[in-house]
Amino acid sequence: MSTAEPASARSLGLAGCEACGLVVRLPAADGMDHCPRCGERLHSRRPASIERSWALAITALVLYIPANLLPVMTTNTPLGAVSDTIMQGVVELWSPTSWPLAIVVFVASVTIPLGKLIALAYLLLTVQRGSVQSNGQRVRLYRLLKFIGRWSMLDVFVDTFVVALIQLRPLMWVEPGAGVIFFAGVVVVTMLAVNSFDPRLIWDLPHQERHGHD
Amino acid sequence: MTEREAEPQAPELPLAEVTARKRSRLSAVWIIPIIAAVLGGWIAVQKLLAEGPTIEISFASADGLEAGKTTVKYNGVDVGRIESLRVAPDRQRILASVQMAPAARDWLVDGTAFWVVSARIAAGGVSGLGTLLSGSYIGMQIGTGSERVRSFTALAVPPVVAANAPGRYFRLTAANLGSLDFGTPIYFRRLQVGQVASYRLDDDGRGLTIRVFVNAPYDRYVKNETRFWQASGLDVSLNADGLDVRTESLTSILIGGLAFDTPADNADAEPAAADTTFELFDDQVSAMKAPERGSIRYVLHFDDSVRGLAVGAPMTFLGMPVGEVVSVRLDADRRKKDVSVRARVLVAAYPQRFLDVLADPQVLTGGSKAITPAMRHALLDGLVARGLRAQLQPGSLLTGQLYVALTYVPQAPKATIDWHSDPPVFPSVKGSFTDIEARLTSILAKVEALPFEAIGRDLQQSLATLAKTLQDVDALVKRWDGELTPELASTVAETRRTLAAAERTFAGAGKAVAPDSPLLAELQATVVEVRRAAQSIRVLADYLERHPEALLRGKSEETQE
């Protein structure tokens with residue numbers, strides 16, 4: 001098994017400095033490694049990557065609940081004030097003419113954040129179990145997660161624009177709801193969770209331990 | 001390590017510097033989800049705490065109501081929202097489930113009222129125009145009860161008076177509603193001071209009870225003696241002062257109104273308690289008449305015809321109205337063996353007036369103003385013993401209208417007021433007018449029945465007898481003239497002489513006696529007596545001179561004094 005395995009920086013006891021690119025050998029001594037040229041910390045793998053990802057993913061899940069339950073926008077008109085949560089907005093948009101918009105909002109605001117969390121949980125679980133199946137697909141999933149992250153703020157953007165633009169007091173004005181803060185929190189924390197995940201772990205074999213313990 | 005150094009690819013690679021590692025078993029990153037969970041939990045708790053009670057309101061119709069949109073407003077502030085609408089199991093009403101604000105928790109007590117506010121155009125004004133744009137909402141009025149209630153029945157019409165409005169409610173009893181409605185204004189000196197809050201037909205259907213609300217600073221002008229009257233319309237009267245037009249306000253002409261005032265002599269009285277009941281009069285004049293307080297009902301039985309005696313006809317005492325007829329009907333007299341039918345007249349007497357007329361109540365009751373029933377009974381019993389009776393008398397001979405008069409009938413058979421029956425029975429006598437009629441009729445009947453022919457014959461015989469008698473009398477008188485008159489004349493002369501002697505004697509005695517002595521006084525009295533005696537004798541003499549037959553027959557009846 002080990003013979004068929006391709007060599008990695010880690011298996012050779014090497015690490016690249018993420019700041020200056022210097023390739024260094026990692027000493028066997030237990031402690032924090034620093035780049036001798038720029039002083040940046042060196043990691044063969046990001047430290048506590050799985051733990052941090054899990055923590056942030058769970059945070060995102062927790063924030064996801066109030067983000068969906070609290071109203072994201074309150075529209076004040078002479079007819080009264082209407083507060084809408086994300087799902088209420090989707091339901092309201094669901095009409096014969098604007099159903100595509102409803103789908104866009106539903107996908108961008110409900111499906112994607114939840115899908116990201118599920119995908120991240122899948123990656124973390126498979127890495128923890130040391131699965132080696134379909135590594136290529138999992139890496140592609142990871143890339144999709146990283147790419148999609150910055151686009152899931154759609155709802156937040158819409159909210160901020162609408163709140164900023166529709167201020168025709170006293171005729172009509174829009175106020176942000178607490179839900180949008182939580183929603184932004186979900187997006188940011190999910191991005192951080194994806195960032196803490198070290199994709200190199202996908203390729204690590206279960207019997208390979210940290211350097212120096214081979 | 002040795003294995004790595006042996007690697008040929010990186011012989012010149014620098015070695016990473018190593019510093020001591022501060023390692024902890026649990027990464028600090030777990031603080032983040034904990035913070036998020038705490039934050040989320042806190043918001044959830046806040047939201048749960050902000051959740052008010054859910055109540056159920058029953059509406060007659062869900063017209064204008066919308067689940068999720070229609071709000072409940074208390075004085076214009078949103079305090080709840082309809083969550084769902086459904087038809088009640090009995091299919092008669094609509095049940096609305098309403099999510100209330102937590103602040104409303106203490107307001108959901110018995111007495112709290114809900115009603116639908118929508119645009120309402122009435123003669124009294126236009127209200128709820130704002131709902132034309134915003135849609136109907138549910139108005140709320142907080143009750144004063146203490147028991148928490150979770151289901152309510154919406155009012156059909158919005159309450160006219162806000163629950164916390166300062167002021168007082170009063171009750172008016174009226175025979176009919178007239179032009180009154182919810183919100184009909186109430187005027188005091190032509191200033192609008194209140195409104196009609198509600199009205200209700202009495203259970204017996206004989207009248208209405210109207211609840212009115214008088215606003216705070218003005219409610220103290222409602223005294224126990226205050227009169228309320230219908231102020232709707234115009235009151236035009238032509239009197240000695242000219243044409244008099246009276247009205248409260250233009251609004252009251254159009255939609256009606258009520259007014260109240262207190263008679264001047266009671267103006268300083270204490271304000272009436274809330275929910276005091278007043279009578280609603282038809283107009284100001286009847287309202288401001290002297291109070292007919294404490295009317296007492298009596299029953300009068302009449303054997304004569306009561307045709308012309310209308311309900312409302314007055315009962316008078318010495319011409320002063322002291323009551324009025326309440327009802328007239330037939331009644332069987334069960335005390336007699338053969339049941340006889342008579343008229344039963346129910347009268348309402350105002351004893352206050354009656355007693356005011358009769359005597360000063362202050363004197364009667366020894367200073368206190370209240371007259372107890374016992375005092376009244378005693379007084380009336382006394383009057384009846386002196387012959388006071390009820391009698392039907394004609395008010396107008398032309399129209400045949402009758403009224404009840406209380407008059408003294410001295411020769412009336414003895415009677416008393418029957419205090420035991422309810423109402424008491426006041427003794428009555430046959431009416432004077434009807435009596436005269438009856439008497440005339442009976443006289444005519446007797447006259448018709450007279451045997452005029454027989455009388456004529458008798459009369460002739462009598463005349464013949466009379467002529468003979470007169471001749472006898474003539475002879476008798478002639479004899480008297482010859483025999484009796486000289487003797488009588490000498491008697492008179494003698495008497496005169498005696499009197500003259502007596503006068504002389506007395507005159508002498510008068511000189512002898514002092515002017516203030518008892519003897520003199522007695523003497524003077526005696527002289528007066530004697531003079532009277534002499535006078536009598538003179539009168540007798542004169543009489544005998546003119547009627548000598550008196551010596552035989554005695555004084556004749558015609559000249560008896």
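The residues of region A:24-52 that are more than 9 Å from chain B (Cβ to nearest Cβ), assigned to a loop (DSSP other than H, G, I, E, B) and either of a type in the set (Val, Ile, Thr) or more than 24 Å from the chain's Cα centre (by Cα) (or both), listed by number, are A:CYS38, A:GLU40.
Quick check on A:VAL82: is it of a type outside the set (S, T, N, Q), within 14 Å of another protein chain (Cβ to nearest Cβ) and without any contact (Cβ under 8 Å) to a residue 12 or more places away in the chain? Judged against the criteria, A:VAL82 is a match.
Applying the criterion of at least 3 residues that are hydrophobic (A, V, I, L, M, F, W, C) and more than 8 Å from chain A (Cβ to nearest Cβ) to the strands (runs of 3 or more DSSP E) found wholly in region B:10-94 leaves B:54-59, B:77-87.
Scanning region B:417-435 for residues that are acidic (Asp, Glu) and at pLDDT 75 or above yields B:ASP418, B:ASP422. Against the condition modelled with pLDDT of 90 or more and either touching a Leu at 6+ places or on another chain (Cβ under 6 Å) or under 30 Å from B:SER134 (Cβ atoms) (or both), how does A:VAL162 come out, does it pass? Against the criterion (modelled with pLDDT of 90 or more and either touching a Leu at 6+ places or on another chain (Cβ under 6 Å) or under 30 Å from B:SER134 (Cβ atoms) (or both)), A:VAL162 does not qualify.
Applying a threshold of 6 Å to beta carbon distances and a minimum spacing of six or more residues, or different chains, the list of pairs starting in region B:472-494 at a residue that is under 11 Å from B:PRO548 (Cα atoms) and ending at one that is of a type in the set (A, V, I, L, M, F, W, C) and loosely packed, with under 12 Cβ neighbours inside 10 Å is empty. Look at region A:118-133: where a residue is open to solvent by 100 Å² or more (accessible area, probe 1.4 Å) and a partner is assigned to a helix (DSSP H, G or I), sitting 6+ places away or on another chain with Cβ atoms under 7 Å, you get A:GLN128/A:ILE50.
Give region B:298-341 a look and list any residue that's modelled with pLDDT under 75 and not in a strand (DSSP E or B), or say none.
Once the filter is applied, which keeps residues that are modelled with pLDDT under 75 and not in a strand (DSSP E or B), region B:298-341 yields B:ARG334, B:ARG335, B:LYS336, B:LYS337, B:ASP338, B:VAL339.
For A:ARG10, the stated conditions do not hold, so it cannot be described as within 8 Å of another protein chain (Cβ to nearest Cβ) and farther than 30 Å from B:GLY41 by Cα. Against the test of being at pLDDT 80 or above and under 27 Å from B:PHE182 (Cα atoms), the options B:SER136, B:SER146 yield a single qualifying residue, B:SER136.
Going residue by residue through region B:65-78, is there one that turns out to be touching a helix residue (DSSP H, G or I) at 6+ places or on another chain (Cβ under 9 Å), open to solvent by 30 Å² or more (accessible area, probe 1.4 Å) and at pLDDT 85 or above? The answer is yes, given that some residue of region B:65-78 is touching a helix residue (DSSP H, G or I) at 6+ places or on another chain (Cβ under 9 Å), open to solvent by 30 Å² or more (accessible area, probe 1.4 Å) and at pLDDT 85 or above. Being in contact with a Phe, Trp or Tyr (Cβ under 8 Å, 6 or more places away or on another chain) and part of a loop (DSSP other than H, G, I, E, B) is a property that B:LEU172 lacks.
Considering A:ALA164, A:ALA193, A:ALA184, the condition of being of a type in the set (Gly, Ala, Ser) and either more than 18 Å from the chain's Cα centre (by Cα) or more than 14 Å from chain B (Cβ to nearest Cβ) (or both) is satisfied by A:ALA164 alone.
Just wondering, is there one or more residues in region B:130-138 that are within 24 Å of B:ARG211 (Cα to Cα) and outside any strand (DSSP E or B)? The answer is no, given that none of the residues of region B:130-138 is within 24 Å of B:ARG211 (Cα to Cα) and outside any strand (DSSP E or B). Among the residues of region A:12-38, those identified as open to solvent by less than 60 Å² (accessible area, probe 1.4 Å) and charged (D, E, K, R) are A:ARG25, A:ASP33.
For region A:142-165, the tally of residues that are part of a helix (DSSP H, G or I) and either of a type in the set (Asp, Glu) or open to solvent by less than 50 Å² (accessible area, probe 1.4 Å) (or both) stands at 9.
The values are calculated or read from the model by the stated rules, or taken from the named source; none is laboratory data. Predicted model only: the values in this text are computed from it and were never measured. Reconstructed Cβ throughout: ideal geometry from the backbone, glycine too, with neighbour counts over all protein chains shown. Just so you know, the surface numbers come from the protein's heavy atoms only, side chains and all, with ligands and any DNA or RNA stripped out. Shrake-Rupley method; radii C 1.70, N 1.55, O 1.52, S 1.80 Å.
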